[in-house]
Amino acid sequence: MEFSKQNISNYYLYDTPVENLFISEYMASAPGDYVKAYLLALMYAQMNMPADSEEIARALGVGMDVIAECWRYWEDLGVISRVYSDKEKRNFCGIEFISLKESAFGRRNPAKTSKASSRLDDESFAKLLRDVEAASGRMLESREPETISSWIMDYDMDPGFILFGYKFSASKGRSTKSRYVAAILKDWKSKGLSSVSDVEAFLENVDMHYSMYRKVFRELGFQRNPSEEEKRIMNRWFDEYGFGLDKVFEACKCTSGITNPNINYVDKVLTSWHKEANGETEVSREAAVTRVEKLYEMDRQSNAAKTEKIREEIFTGIPRIKSIMEELRQCSVSLSKAMLLGPGAESVIKRERAKAEALSREKTELLTSHGYSSSAMDTIYTCSKCRDTGFLEDGSRCSCYNEKLQLVMKER
C-alpha cells in the first residue's frame, strides 16, 4: 500500500504567513499601496511564483514609480533587501524578504535554548506568568504564554528582563499586549541591553529630549523608536536651531504632500527655515512662511476642484470613458487572479493584458477625438515638480517656493 497526498494546484487554498512584528510595527504607518505591494510580493515569494515589479504594479493598478519607491521605503526600514546582479548595484534584479524576528532578536541558538530551558522549570515559568499578569493588571491571552516561552527558549531572554518590559510598558501607560512589549524588548536588545540592570542604567541616562522624540514621531505617525542618527538630527533642531515643538510640528505638517514622510524631509524644511531667518525678525519670517503655506493650500483646493470638474465633464460628455475605467479595473483584478493560478494561466494573462492595452488605446482615442489631451484626467497641479507642496521628494525647496516667497515679501 502506498500513501500519497493530493497535489494542490490552486494557490487560493494556501496561506501566506505574515510576521506580527510587520503588522504591529510597520504596517499601520506605511502608505497603503506599499503594504499591498509587500504582501502581494511576499505571497509570490512564498509560493515560489515567477513575478516582477511590473506585474505587481499592473495587479495593483499603480505606476512603476510607485513600486520602485515602495522597495526603497521598505529597504530603508530594514524590512526587505534589494538584490543586484553586480557589485556596483547597477542592475536591480530582485527582492529578499528579511526575517524581522531574527533581525530583532537574532537567530535561534540551540546551545542557548538548552541553557534557557535548564534555568526555567515549570514552577518558575508559572510564577513568571503570574508576575506578568500582576504587572499588566489583566489576564494573559490564550497564546501569550506560548509567546513569552518563545522569547526565553528561542532568543535566550532572561525572565526578569521580560517581566521588566511588561512593568515598563504599564508604567508608561502603554499597552501591555505581547506584541507591544515585544517591540520594547526588541529596542532594548538592539541597544545591547540584556538584563534588568542594563536597562535601568540605560533609562537613567536617557537623553533629556526623549519625550520630544516621541512627540515628533507621533506627529509623523511613526510607530517605532528613533534611530541614533534620527536623534542626532532632532537634537540639532532643538539645540542648534532653537526651535520649539510647535515649530517642529509645523514642519512635520509639510510631509502631508509626499509619499514617504521621513525625518530627513523635516530636517530639510527646518534647515531652510533656519537659513531664511538670517537677517529677518522671527515675526516677519513666520508671517511670510504662513502666507506662502496659505498660497499653496489655495492652489491645492483650486486644482482639486478643476480636476473633479474636468473628470465629471468627460464622464458626462463621453459616457464610454467611465465604462472603460471600470473595465480596466476589472482587467487588473483578473490579471492578479490569473497570476495566482501559475503556469496554466498564460493564455488568460495574455488575453487580459491585450484587453487592457486595447481599452487604454480606446480611452486615448476617445479623449483626443473629443478635443482632450490623453492626460486630461490626470490630477492638475500648479507645479508638477512638488505637487503644490513647496518641497521636492528629497525634502529640498522647490523653485516655486522662492517665487511665492518673493511675491509675498513684495506685498509686505
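The values are calculated or read from the model by the stated rules, or taken from the named source; none is laboratory data. Quick caveat: nothing in here was measured; it's all calculated off a predicted structure. All Cβ positions, even for glycine, are placed from backbone atoms using ideal geometry, and neighbour counts span all protein chains on display. Accessible surface is based on the protein model in full, side chains and every heavy atom, while ligands, DNA and RNA are left aside. Shrake-Rupley method; radii C 1.70, N 1.55, O 1.52, S 1.80 Å.
For the reader, a short list of remarks on this structure follows.
- Filtered by the rule that a residue be among the small types (Gly, Ala, Ser) and outside any helix (DSSP H, G or I), the range 16-48 gives ALA28, SER29, ALA30.
- Selection count, the range 137-167, where residues are under 23 Å from GLN223 (Cα atoms), modelled with pLDDT of 85 or more and open to solvent by 20 Å² or more (accessible area, probe 1.4 Å): 3
- Test: PHE249 is modelled with pLDDT of 85 or more and surrounded by fewer than 17 Cβ atoms within 10 Å (Cβ to Cβ): yes
- Residue match in the range 274-284 (condition: part of a helix (DSSP H, G or I) and modelled with pLDDT of 80 or more): yes
- Residue pairs whose Cβ atoms lie under 6 Å apart, separated by 6 or more positions or on different chains, with the first residue in the range 367-381 and surrounded by fewer than 15 Cβ atoms within 10 Å (Cβ to Cβ) and the second assigned to a helix (DSSP H, G or I) and among the polar types (S, T, N, Q), are SER374/THR364; THR379/THR307.
- Pairs where the first residue, in the range 68-80, is modelled with pLDDT of 80 or more and the second is open to solvent by less than 10 Å² (accessible area, probe 1.4 Å) and among the aliphatic types (A, V, I, L, M), C-beta under 6 Å, 6+ apart: CYS70/ALA37; TRP74/ILE80
- For the range 194-240, filtered to residues that are modelled with pLDDT of 85 or more and among the aliphatic types (A, V, I, L, M), the residue that is farthest from ASP267 (Cα to Cα) is VAL196.
Here's the yes/no breakdown for (1) over 30 Å from MET139 (Cα atoms); (2) among the polar types (S, T, N, Q); (3) touching a Phe, Trp or Tyr at 6+ places or on another chain (Cβ under 8 Å); (4) open to solvent by less than 50 Å² (accessible area, probe 1.4 Å):
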{"position": "ARG174", "(1), (2), (3), (4)": "no, no, yes, no"}
{"position": "LEU185", "(1), (2), (3), (4)": "no, no, yes, yes"}
{"position": "TYR210", "(1), (2), (3), (4)": "yes, no, no, no"}
{"position": "LEU245", "(1), (2), (3), (4)": "yes, no, no, yes"}
{"position": "THR255", "(1), (2), (3), (4)": "yes, yes, yes, yes"}
{"position": "ILE258", "(1), (2), (3), (4)": "yes, no, yes, yes"}
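- Scanning the range 382-412 for residues that are modelled with pLDDT under 85, in a loop (DSSP other than H, G, I, E, B) and open to solvent by less than 30 Å² (accessible area, probe 1.4 Å) returns CYS386, THR389, GLY390, GLY395, CYS398.
- Residue satisfying all of: in the range 1-54; aromatic (Phe, Trp, Tyr) and open to solvent by less than 50 Å² (accessible area, probe 1.4 Å); modelled with the highest pLDDT among these: TYR38
Conditions (1) under 19 Å from the mean Cα position of the chain (by Cα); (2) open to solvent by 70 Å² or more (accessible area, probe 1.4 Å); (3) in contact (Cβ under 8 Å) with a residue 24 or more places away in the chain, marked per residue:
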site: SER190; (1), (2), (3): no, yes, yes
site: ASP198; (1), (2), (3): no, no, no
site: PHE202; (1), (2), (3): no, no, no
site: ARG214; (1), (2), (3): yes, yes, no
site: ARG218; (1), (2), (3): yes, yes, no
site: GLY221; (1), (2), (3): yes, no, yes
site: SER227; (1), (2), (3): yes, no, no
site: ARG232; (1), (2), (3): no, yes, no
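- All conditions but one from (1) at pLDDT 70 or above; (2) within 27 Å of the chain's Cα centre (by Cα) apply to ARG107; the one that does not is (1).
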